[in-house]
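To keep things clear, I will list the structure first and then write my remarks on it.
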Amino acid sequence: MASTHNLGFPRIGAKRELKFALESYWKGQSTREELKTLGAQLRQQHWQDQAALDFAPVGDFSFYDQVLDMSFTLGNLPERVQGFHGDALDNYFRVARGRSAQLPEAHAGCCGGVAAGEMTKWFDTNYHYIVPEFSANTRFRLDATRLVAQLSEARALGVKAKPVIIGPLTYLAIGKSKDDTAKLALLPQLLPVYAELLNVLAGQGVEWVQIDEPILVTELDADWKHAFGIAYHALKSCRAKLLLATYFGQLRENLEWAIKLPTGGFHLDAVNARDEVLPALNYLASHKVLSLGVINGRNIWKTDLTAVLDWLAPVHERLGERLWIAPSCSLLHVPVDLASEVKLDGEIKSWLAFARQKLAELGVLARALNQGREVVKAELAANLAAVDARRKSSRVHNPAVKAALAQINAQLGQRQGAYAERAEKQAKRLKLPKFPTTTIGSFPQTAEIRIARSEFKAGAISAASYQAAMQAEIARSVREQEALGLDVLVHGEAERNDMVEYFGEQLDGYAFSQFGWVQSYGSRCVKPPILFGDIHRPQAMTVDWTRYAQSLTAKPMKGMLTGPVTILNWSFVRDDQPRAVSCRQLALAIREEVLDLERAGVQVIQIDEAALREGLPLRRTQWQAYLDWAVDSFRIAANGVADETQIHTHMCYSEFNDIIASIADMDADVITIETSRSDMELLDVFDHFKYPNEIGPGVYDIHSPNIPTEQHMITLMQKAAGRIPAERLWVNPDCGLKTRQWHEVLPALTNMVAAAKTLRATLS
Ligand code: GLN
Ligand code: ZN
């Protein structure tokens, strides 16, 4: 008999109950007890959802972040919060976000205001965790209260509990050393705490503990490999059996030794590392359990159950009850329940599976393996019909798009002239001053804009009055920019709620869920659009708004688009073709929009690639292949224009050190980047890499309500001019201004324009 289990369940709730409860508690509108009760209800609900499994995860629920939970379990809190007193949950929120529900005054002088924990992306997902901090003073001390309490809740409900923890090596690897302490030097004092934890859990009647070590799918140097051996030999005498879990990729050179570590079982992501199942079987010791992640935990498509059974059945024959099956990774990365989607197109809906549906698929697989396919004949037939329908659907496959893709050649991504030639022609046409000023695209999204947009969506106002409202807002933005004296204007993006959704909604091949929320961090969720079919642009998407904006001013109006790589990286994507192919389809659609804008007389076009870096694979050896097709897609989108048309791109970061050559290869005439917070330090890369085109290093930190002074911005630009020739510098904010208020934006931009004028007078 094969067993079923799950690595983790989404905790935010099918209707984002946890989000709303957290935010209400933080605002002081509900009590701690109410929040804790809601947490317990969600856990109970999620265990009920998983009742059919042989093992359900315990400890995967979190009020903020599972990595921060682990830091509390290990007693590893940043020094700055160690003096905290009061309620543990409030302290937890203070570590996470710098504050809790209590007014800071109540704890003034002790633990009122404190820096929030640093956040970063959890492997290649869009989930952000609180980075563990280490130093020479780090001391670990077990606090198993959370896990023990949740175990007893689970026990009361009759759940067959399998606690989930982050393994010691991954915990160290994803943290940050605040001094020179080598993280591995902390391992000897960390391991006894893990051992103690495992024994406490065993003492609670636990048989199996899932210990997550996703760093095994990345490149590890000899010290870290060695440390794995030390750690798992040290933990082998603990009384709980360990299921060592890996996910998000292939193990490759790590597979053989990792699977031979002395644990009771091993979990392999058989979606991403399907090729490694057979070698894994050969390396597997005869007493060990092999858990195979056969349902994709990172996307929203139905699994082809028959195809899985075809390869899984022989594995089952070989392993018998030593085979466990599960989703590939925690279901944290998918929405909770497809049943909530009452508005979604029925045909597309029939191709999808969210967390609850994925667990049902797992159940069908287990019954087929254990009792024979006959007993789930109807389920398998229905699944096959859906999977087949999707495969053949004309909604998915558009021959014209495939033909256009086949026509792509190197020339498509090639500008006509070289940068120097283009720059000259553009200068003649645009007649911009030195240190030209511009903004990144959006202006404040006022309450009126949001109301107009949601009323229009709900059908409460007509298309004409919606258009009038947006045009009024565009006119306001243009008026303000003219008064400020900016050089290259933008229309302000009032009509866009989101830079990806806006385009996805207008492209064939995209669908949108109503409740397809996925946790991004803390109480924040995103609702990625679903890219299901060949991408086709039925009509122009931005031209009317841009043309209207241009009609209001004699200054150049910048057309504003989201790039193909960013649209791709922020969507749920197809699993029936490589990402690179979907990206090229998006590139062709954006290219048409670029050319339409150019035909409409738009002289400057910005194509945002805010998420280009996010798509980097986990393994460095795979970076270049990704960068090649990503850059290629950008070039296809951007480079069809005449030399006179100026192409801008924008990125919300400037950690370019390792990818600067690819960034340069995009060949945008101008790139604007985020740099102000780093005090221009991020520009160090330009000391040794001679970036060939123009750059606008952000001088205004738009994440902060503070108004930067003219002098501050001049100083930043002077630093930039030390690395980049002054004649190739632009002056602009870090990013779009949509989250700010007009009363903040106006004085900041006034200072920015003044700074540019002073720079022109002094530096050129
Ligand atoms: N043009 C977008 C804006 O200004 C860019 C946003 C982003 O880079 N994330 O809002
Ligand atoms: Zn940005």
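When you scan region 206-215, do you find a residue that is of a type in the set (A, V, I, L, M), more than 19 Å from Phe248 (Cα to Cα) and in contact with a strand residue (DSSP E or B) (Cβ under 7 Å, 6 or more places away or on another chain), even just one? The answer is yes, given that some residue of region 206-215 is of a type in the set (A, V, I, L, M), more than 19 Å from Phe248 (Cα to Cα) and in contact with a strand residue (DSSP E or B) (Cβ under 7 Å, 6 or more places away or on another chain).
Table: residues versus (1) surrounded by 23 or more Cβ atoms within 10 Å (Cβ to Cβ); (2) in a helix (DSSP H, G or I).
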residue: Ala326; (1), (2): yes, no
residue: Cys329; (1), (2): yes, no
residue: Val342; (1), (2): no, no
residue: Lys358; (1), (2): yes, yes
residue: Leu365; (1), (2): yes, yes
residue: Ala368; (1), (2): yes, yes
residue: Lys377; (1), (2): no, yes
residue: Ala385; (1), (2): no, yes
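Mind listing whichever residues of region 370-411 are of a type in the set (A, V, I, L, M, F, W, C), touching a residue at least 12 places away in the same chain (Cβ under 8 Å) and closer than 20 Å to Lys358 by Cα? Steps first, please.
Applying the first criterion (of a type in the set (A, V, I, L, M, F, W, C)) to region 370-411 yields 375-376, 378, 380-382, 384-387, 389, 396, 400-401, 403-406, 408, 410.
Filter once more, keeping what is touching a residue at least 12 places away in the same chain (Cβ under 8 Å): 376, 380, 384, 386-387, 389, 396, 400-401, 404-405, 408.
Scanning region 370-411 gives Val376, Leu380, Leu384, Ala386, Val387, Ala389.
Of all residues in region 674-700, exactly one satisfies the criterion of being acidic (Asp, Glu) and within 14 Å of ligand 1 (Cβ to nearest atom), namely Glu674. In this structure, does Thr739 turn out to be away from ligand 2 (no atom under 16 Å from the Cβ) and modelled with pLDDT under 95? So Thr739 does not fit the description; no.
A quick yes/no check of all residues on (1) closer than 14 Å to Leu412 by Cα; (2) touching a Leu at 6+ places or on another chain (Cβ under 9 Å); (3) among the hydroxyl-bearing types (Ser, Thr, Tyr):
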| position | (1), (2), (3) |
| --- | --- |
| Asp608 | no, yes, no |
| Pro617 | no, no, no |
| Asp632 | yes, no, no |
| Arg635 | yes, yes, no |
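Any chance region 37-51 includes a residue that's β-branched (Val, Ile, Thr), under 21 Å from Ser152 (Cβ atoms) and out of contact with any Ser or Thr (no Cβ under 7 Å at 6 or more places or on another chain)? Scanning region 37-51, I find at least one residue that is β-branched (Val, Ile, Thr), under 21 Å from Ser152 (Cβ atoms) and out of contact with any Ser or Thr (no Cβ under 7 Å at 6 or more places or on another chain), so the answer is yes.
Answer yes if at least one residue in region 594-603 is in a helix (DSSP H, G or I), within 16 Å of ligand 1 (Cβ to nearest atom) and out of contact with any strand residue (DSSP E or B) (no Cβ under 7 Å at 6 or more places or on another chain), and no otherwise. Give the steps one after another, and end with the answer.
The initial filter retains those residues of region 594-603 that are in a helix (DSSP H, G or I), namely 594-599.
If we keep only those that are within 16 Å of ligand 1 (Cβ to nearest atom) as well, we get 594, 597.
Next, only the ones that are out of contact with any strand residue (DSSP E or B) (no Cβ under 7 Å at 6 or more places or on another chain) stay: none.
Within region 594-603 (the criterion being in a helix (DSSP H, G or I), within 16 Å of ligand 1 (Cβ to nearest atom) and out of contact with any strand residue (DSSP E or B) (no Cβ under 7 Å at 6 or more places or on another chain)), the answer is no, since none of the residues qualifies.
How many residues are outside any strand (DSSP E or B), over 30 Å from Thr170 (Cα atoms), of a type in the set (Val, Ile, Thr) and touching a residue at least 60 places away in the same chain (Cβ under 8 Å) when one looks only at region 604-644? Result for region 604-644: 2.
One residue stands out among those in region 636-685 that are among the small types (Gly, Ala, Ser) and within 16 Å of ligand 2 (Cβ to nearest atom): the one that is farthest from Val488 (Cα to Cα), which is Ser678. The set of residues from region 480-511 being away from ligand 2 (no atom under 16 Å from the Cβ), touching a residue at least 12 places away in the same chain (Cβ under 8 Å) and under 26 Å from Ala554 (Cα atoms) comprises Glu480, Gln481, Glu482, Leu484, Gly485, Leu486, Asp487, Val488, Leu489, His491, Ala494, Glu495. Just a yes or no: is a residue in region 686-705 away from ligand 2 (no atom under 16 Å from the Cβ) and within 26 Å of Pro444 (Cβ to Cβ)? For region 686-705, residues away from ligand 2 (no atom under 16 Å from the Cβ) and within 26 Å of Pro444 (Cβ to Cβ): present.
Restricting region 652-668 to residues that are acidic (Asp, Glu) and assigned to a loop (DSSP other than H, G, I, E, B), the residue that is modelled with the lowest pLDDT is Glu655. Restricting to region 725-756, name every residue that is assigned to a helix (DSSP H, G or I), away from ligand 1 (no atom under 16 Å from the Cβ) and either in contact (Cβ under 8 Å) with a residue 24 or more places away in the chain or crowded, with 22+ Cβ neighbours inside 10 Å (or both). Once the filter is applied, which keeps residues that are assigned to a helix (DSSP H, G or I), away from ligand 1 (no atom under 16 Å from the Cβ) and either in contact (Cβ under 8 Å) with a residue 24 or more places away in the chain or crowded, with 22+ Cβ neighbours inside 10 Å (or both), region 725-756 yields Ala726, Glu727, Arg728, Leu746, Pro747, Thr750, Asn751, Val753, Ala754, Ala755, Ala756.
If you go through region 435-447 one residue at a time, do you hit one that is modelled with pLDDT of 95 or more, farther than 30 Å from Ala754 by Cβ and among the aromatic types (Phe, Trp, Tyr)? No - not one qualifying residue is present in region 435-447.
Answer with yes or no whether Ile671 is modelled with pLDDT of 90 or more, within 16 Å of ligand 1 (Cβ to nearest atom) and part of a helix (DSSP H, G or I).
Values: modelled with pLDDT of 90 or more: yes; within 16 Å of ligand 1 (Cβ to nearest atom): yes; part of a helix (DSSP H, G or I): no.
No, not satisfied.
Would you confirm whether any residue within region 619-629 is within 22 Å of Glu694 (Cβ to Cβ) and either away from ligand 1 (no atom under 16 Å from the Cβ) or over 26 Å from the mean Cα position of the chain (by Cα) (or both)? Taking every residue of region 619-629 in turn, at least one turns out to be within 22 Å of Glu694 (Cβ to Cβ) and either away from ligand 1 (no atom under 16 Å from the Cβ) or over 26 Å from the mean Cα position of the chain (by Cα) (or both). Being within 16 Å of ligand 1 (Cβ to nearest atom), touching a strand residue (DSSP E or B) at 6+ places or on another chain (Cβ under 9 Å) and basic (Lys, Arg): is that true of Arg574 here? No; evaluated as a whole, the condition is false for this residue. For the criterion of being outside any helix (DSSP H, G or I) and not hydrophobic (A, V, I, L, M, F, W, C), Asp701 passes. Meeting the requirement of 1 or more residues that are touching a helix residue (DSSP H, G or I) at 6+ places or on another chain (Cβ under 7 Å) and modelled with pLDDT of 95 or more, the strands (runs of 3 or more DSSP E) wholly within region 115-209 are 128-130, 161-166.
Which one is nearest to His650 (Cα to Cα) among residues in region 402-443 that are aliphatic (A, V, I, L, M) and either within 16 Å of ligand 2 (Cβ to nearest atom) or in a loop (DSSP other than H, G, I, E, B) (or both)?
From region 402-443, those aliphatic (A, V, I, L, M) are 403-406, 408, 410, 412, 418, 420, 423, 427, 430, 432, 440; that's our starting set.
Then drop every residue that is not either within 16 Å of ligand 2 (Cβ to nearest atom) or in a loop (DSSP other than H, G, I, E, B) (or both), which leaves 408, 418, 432, 440.
Values: Ile408: 25, Ala418: 21, Leu432: 19, Ile440: 7 Å.
My answer is Ile440.
The values are calculated or read from the model by the stated rules, or taken from the named source; none is laboratory data. These numbers were taken from a predicted model, which means no experiment stands behind them. Reconstructed Cβ throughout: ideal geometry from the backbone, glycine too, with neighbour counts over all protein chains shown.
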